[in-house]
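Let me begin by presenting the structure, written as structure tokens, before commenting on it.
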Amino acid sequence: MVDYALDRKVRADVGPVAGRRAEAAPAHSARGLDWLDCALICLFLLGLYTNYTVQISAKVPFPSAPAGIAGLLLLWRRRDQIKPKGFAWFIGVVALYLFSVLCAPNISFLPRRTNGLIQLTYSITIGYALFLTVTQGTRRQIGRLFLGFALVIVIGCLLEGHAGFRPVSDAVRNIIYKQGIYENDLRDTLFYGRVRPKFFASEPASVTFCFALFTFLWMVISTWRWKLVAYVGLVGVGLYAMPGPTLLLMLVLILPYMLFLTSRGPSGRLDFGRLLLVACVAAIFLVAFIVLAQSLFPARLNEVMSGNDPSFFYRVQGPALAGLDAISRYPFAGNGITGEPFFEREVTNLYLRSPFYSAHWQVVTPATELVINYFWLHWIYLGLIWGLIMAGAITIWFRVLGVPSPAFCWMVWAILGQASGAYVGPTCWAVLFLAAAAAVLHQRPEPARARPRVLVAMTLPGRNFRPRDRRFSPVG
């Protein structure tokens with residue numbers, strides 16, 4: 001009876017403290033996401049991977065339709081998690097984009113820019129919904145989801161390249177995609193020694209881009225102590241299964257991870273001792289990127305250096321030239337969102353005069369194919385002043401949402417922008433919001449395991465009472 005009374009007293013004393021701790025812990029850290037949320041995230045990622053677009057009308061596309069459907073459903077499911085301050089900044093960001101459209105030169109292009117603003121708002125909305133959902137999951141749950149998707153991609157590419165799966169993949173691609181299918185297998189053989197796998201995507205670049213993104217997100221979110229070693233191993237497997245320079249960006253992505261996340265101490269603030277160490281490690285990965293680029297893709301690198309690689313020009317070199325030209329011509333508000341018809345002639349002439357451009361290349365049409373780089377499209381569309389205003393507004397919005405390092409998000413976004421275009425499309429904003437969600441999860445401590453109850457030994461007059469469980473040392 002005395003032991004039972006003592007146990008009741010200890011539980012009564014400890015109970016309120018444990019209850020307060022449980023209330024202070026975030027609910028999502030213990031509960032995670034249900035199966036429907038995980039399925040919708042997978043559908044969203046599938047939309048990014050396939051970039052399957054439904055043409056609603058001649059001028060109104062529904063880009064990445066699976067991602068759009070999943071994003072709108074996720075937004076409805078997360079409606080209770082939307083805080084008034086975060087929603088107010090969402091409205092503010094969209095309003096600022098509207099003002100930038102009104103400030104752009106040549107008002108006759110307003111209808112097209114309005115169409116672009118609608119697409120941009122749609123992409124930001126579903127990206128916001130994805131962020132709210134991913135941050136409700138646990139680190140282990142979300143990390144496994146991204147790793148699983150990356151492994152499916154690399155296994156599919158191995159089957160396509162080495163197990164005779166290519167005819168099936170090509171047949172499905174011909175059914176899904178009506179246009180924009182990559183068919184330049186001769187170029188692949190010249191640069192990489194074999195045809196690159198597409199694995200149900202429209203082009204190899206989509207495969208390597210999504211593999212790089214999903215694998216990197218897993219590495220950031222995972223709590224495994226050997227994850228960096230495994231990440232480098234996955235880079236090697238990816239280079240074997242789906243050769244392409246886009247995968248080398250995975251090594252460059254180590255730089256923002258090391259500088260802005262790993263260098264933070266337990267308090268979440270930058271630790272300058274750690275910063276110096278991780279800067280050295282990041283520099284090693286940067287050197288590895290340069291060495292691997294020269295050794296793995298020498299034919300492609302020679303074509304780039306001699307100005308005979310149109311893909312690299314339209315993705316990296318040309319957009320940089322067009323961006324700097326737009327900043328110098330229209331520094332206040334740029335060319336306006338989706339203002340390709342407005343700047344098509346200027347950019348085409350700029351490309352033709354460039355020493356990096358080859359006279360043997362066919363002039364690209366339509367105008368949307370002139371710049372395939374959403375990082376530089378930000379400055380081409382908005383100019384220097386409005387570009388900085390929008391970057392600042394989104395940074396403040398991320399701070400309101402609790403993102404620990406917006407600089408990490410922007411740097412990841414800029415690096416991956418060298419391999420993707422369509423500023424108003426879902427992919428551009430999904431990269432930014434997924435980087436933000438990964439930063440939030442990275443700084444979130446894993447929930448502590450339930451600790452067994454410790455009974456406190458008490459000494460009563462004339463008799464000593466000790467806990468029956470000898471695994472715990474008595475106190476007092």
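The values are calculated or read from the model by the stated rules, or taken from the named source; none is laboratory data. Here the structure is a predicted model, which is why all the values come from computation and not from measurement. Please note: Cβ atoms are built from the backbone with ideal geometry, for glycine as well, and neighbour counts cover all protein chains shown. For accessibility, only protein heavy atoms count, side chains too; no ligands or nucleic acids. Shrake-Rupley method; radii C 1.70, N 1.55, O 1.52, S 1.80 Å.
Here is how the numbers come out for the structure above:
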{"read-out": "Near-label residues of the range 52-90 by backbone N, under 17 Å of a point 7 Å along Cα→Cβ of LEU36", "value": "69-82"}
{"read-out": "Efficiency of FRET from Cβ geometry, LEU110 and VAL232, R₀ 51 Å, rounded to 0.05", "value": "0.55"}
{"read-out": "Inter-label distance, nm, simple model (7 Å from Cα along the C-beta direction), ALA88/ILE176", "value": "4.3"}
{"read-out": "Spatially proximal lysines relative to LYS59 (Cα-Cα < 27 Å; intrachain offsets below 8 disregarded)", "value": "LYS178"}
{"read-out": "Solvent exposure of the range 130-255 as accessible area per residue, Å², 1.4 Å probe", "value": "39"}
{"read-out": "Solvent exposure of the range 345-456 as accessible area per residue, Å², 1.4 Å probe", "value": "42"}
{"read-out": "Protein accessible area in the range 136-246, 1.4 Å probe - carbon and sulfur %", "value": "65"}
{"read-out": "Among 204-216, 143-155, the order from most to least packed when residues are scored by Cβ within 10 Å on average", "value": "204-216, 143-155"}
